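The structure appears below as structure tokens.
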Amino acid sequence: MAIPGKIIPLTFMAFSALSACAGPPESSPRPLARGSAPVADPIPPTDAATEARFESFLAGFKSRALANGITEYTWNRAMADVRYNPKVIERDRYQSEFTKSIWDYLDSAVSDERVATGKQMLRQYDRQLNAIERKYGVDKEVVVAIWGMESRYGAYRGKTAIIPALATLAYDGRRGEFFAKQLIAALKIIQSGDVDERHMTGSWAGAMGHTQFIPTSYLSYAVDFTGDGRRDIWSEDPTDALASTAAYLARSGWSKGQPWGVEVILPSGFNYGLTGKGTKKSPADWAALGVRSATGGTVPNYGAASILVPAGAKGPAFMIFGNFRAISRYNSADSYVIGVGHLSDRLKGKGPFVQDWPRTGKPLSSKQKVELQERLTAAGFDTDGTDGKIGANTSKAIVAFQKSRGLPPDGYATLELLQVLRGS
Ligand SMILES: [Ca+2]
């Protein structure tokens, strides 16, 4: 998820994680596995006033933790050395400003190096990956692709001590309630005996281990695949983490044998009003509208599909299936899902995209997106709010505006479009 060197903004796994799974009782702490997690980076100092406010926040938070089933013993042990981590807040502020075009993102997400390393990992962990695929029915290449995206195959699992990081973010309050829940979930993990507070490391925003599970996702989906009684996603051996990711996708509705999506060519004169996740048709119905596979032939009937044009009419188009949604439970950004999907295809030996991206265009900044929404709404094309995020309502408004001006209605937000609006 959101660790340094990763590109997607604000990425968090399944907010909707459901029940906490019943871990082993906390009364019997077991010795930790050998070769365990990286040692956490030291926490830089902060001013005394902040530290004091933070301490008093934690004193208040303790009763909430206890009310949620955390024992006095776990709290005292896990919180003993917790300090405010100013670095985490720095990262949090920086991350929220980050924007990148989808092609720049995919260039690094699915680099030749990442494809080559992924293939090497498929060979190295062949036995474990085949066993995981058999058990969960999720393509091993997809699991490995997520591993590659989340931590560069385990190389960047993160060395931030998780409990202080989550406590700092819960105290900070920008997304305080989210991180308060993660903190309680993290304490539950420690209480279960799967890891101790010293070995619970990860990225600054609480994502942990090879496939960067946040604590609530860990509680819901992590599995012990090695059979040592411990769900260990932190140590060198990636087996439990990879199996946990497969379990997560299986529970997110993964359909065996179905691709995430297929690159397609849209016919000239295609109605871009039909693009987006809101419209679903069978591959045969899309074929009847002139949509064909980019690599030739017809798209097999994998089930109901939508058409995505992530960079507008001038870039590649994709026919996406239910498994696109399953991957998006891991991280909801379309570019992330396309990155995982494409990397998995490359790991299966398939080639790069047939169509190229419109690389001359620059992505809009958050500020420009807000301006676009304001101008659209003022011009009578309601975007239903101006949050700086281009969602379904804004796309619809753009399509309506483009139609009114005789522009190709692809619903895609560009600087050119903003300039047209500024001139109107
Ligand atoms: Ca294990």
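The values are calculated or read from the model by the stated rules, or taken from the named source; none is laboratory data. For clarity, every value in this text was computed on a predicted model and none was experimentally measured. Cβ sites come from the backbone with ideal geometry, for glycine too, and all protein chains shown count toward neighbours. With ligands, DNA and RNA removed, areas are computed over all heavy atoms of the protein, side chains included. Shrake-Rupley method; radii C 1.70, N 1.55, O 1.52, S 1.80 Å.
From the list Ala392, Ala313, Ala317, the lone residue that is touching a strand residue (DSSP E or B) at 6+ places or on another chain (Cβ under 8 Å), open to solvent by 30 Å² or more (accessible area, probe 1.4 Å), touching a residue at least 24 places away in the same chain (Cβ under 8 Å) and within 21 Å of Leu274 (Cβ to Cβ) is Ala392.
For the condition surrounded by fewer than 20 Cβ atoms within 10 Å (Cβ to Cβ) and in contact with a strand residue (DSSP E or B) (Cβ under 8 Å, 6 or more places away or on another chain), what is the one hit in Ser282, Ser268, Ser306? Even if it seems obvious, please write down each step before you answer.
Numbers: Ser268 fails: in contact with a strand residue (DSSP E or B) (Cβ under 8 Å, 6 or more places away or on another chain); Ser306 fails: surrounded by fewer than 20 Cβ atoms within 10 Å (Cβ to Cβ).
Going through Ser282, Ser268, Ser306 in turn, just one is surrounded by fewer than 20 Cβ atoms within 10 Å (Cβ to Cβ) and in contact with a strand residue (DSSP E or B) (Cβ under 8 Å, 6 or more places away or on another chain): Ser282.
Within the stretch 180-219, work out how many residues are within 24 Å of Arg152 (Cα to Cα), among the hydroxyl-bearing types (Ser, Thr, Tyr) and part of a helix (DSSP H, G or I). The qualifying residues number 3.
Scanning the stretch 232-263 for residues that are in contact (Cβ under 8 Å) with a residue 60 or more places away in the chain, assigned to a loop (DSSP other than H, G, I, E, B) and within 16 Å of the ligand (Cβ to nearest atom) gives Asp232, Trp234, Ser235, Glu236, Asp237, Pro238. The numbered conditions (1) assigned to a helix (DSSP H, G or I); (2) closer than 30 Å to Leu58 by Cβ; (3) of a type in the set (Ser, Thr, Tyr); (4) touching a residue at least 60 places away in the same chain (Cβ under 8 Å) are all true for Tyr156 except (1).
Residue check: is Ala207 away from the ligand (no atom under 16 Å from the Cβ) and within 23 Å of Arg329 (Cα to Cα)? Taking the combined requirement at face value, the residue satisfies it. Kindly evaluate Leu274 against the criterion of being open to solvent by 20 Å² or more (accessible area, probe 1.4 Å), among the aliphatic types (A, V, I, L, M), modelled with pLDDT under 95 and more than 16 Å from the ligand (Cβ to nearest atom). It is true that Leu274 is open to solvent by 20 Å² or more (accessible area, probe 1.4 Å), among the aliphatic types (A, V, I, L, M), modelled with pLDDT under 95 and more than 16 Å from the ligand (Cβ to nearest atom). Is it the case that Ser101 is touching a Gly at 6+ places or on another chain (Cβ under 9 Å) and among the hydroxyl-bearing types (Ser, Thr, Tyr)? Judged against the criteria, Ser101 is a match.
For the stretch 189-203, the criterion of being more than 16 Å from the ligand (Cβ to nearest atom) and of a type in the set (Lys, Arg) is satisfied by at least one residue.
Just give me the residues in the stretch 220-231 being in contact (Cβ under 8 Å) with a residue 12 or more places away in the chain and either more than 17 Å from Gly154 (Cβ to Cβ) or more than 7 Å from the ligand (Cβ to nearest atom) (or both), in sequence order.
Ser220, Tyr221, Ala222, Val223, Asp224, Asp228, Gly229, Arg230
Can you tell me how many residues in the stretch 339-363 are open to solvent by less than 10 Å² (accessible area, probe 1.4 Å) and over 11 Å from the mean Cα position of the chain (by Cα)? Steps first, please.
Narrowing the stretch 339-363 to residues open to solvent by less than 10 Å² (accessible area, probe 1.4 Å): 339-341, 343-344.
Narrowing further to those that are over 11 Å from the mean Cα position of the chain (by Cα): 341, 343-344.
Residues meeting the conditions: 3.
From the residues in the stretch 184-228 that are over 20 Å from the mean Cα position of the chain (by Cα) and under 21 Å from Asn130 (Cα atoms), which one is surrounded by the most Cβ atoms within 10 Å (Cβ to Cβ)? Ranking the qualifying residues of the stretch 184-228, first place goes to Phe225. Per the listing Lys362, Lys350, the residue uniquely more than 18 Å from Val264 (Cβ to Cβ), assigned to a loop (DSSP other than H, G, I, E, B) and of a type in the set (Lys, Arg) is Lys362.
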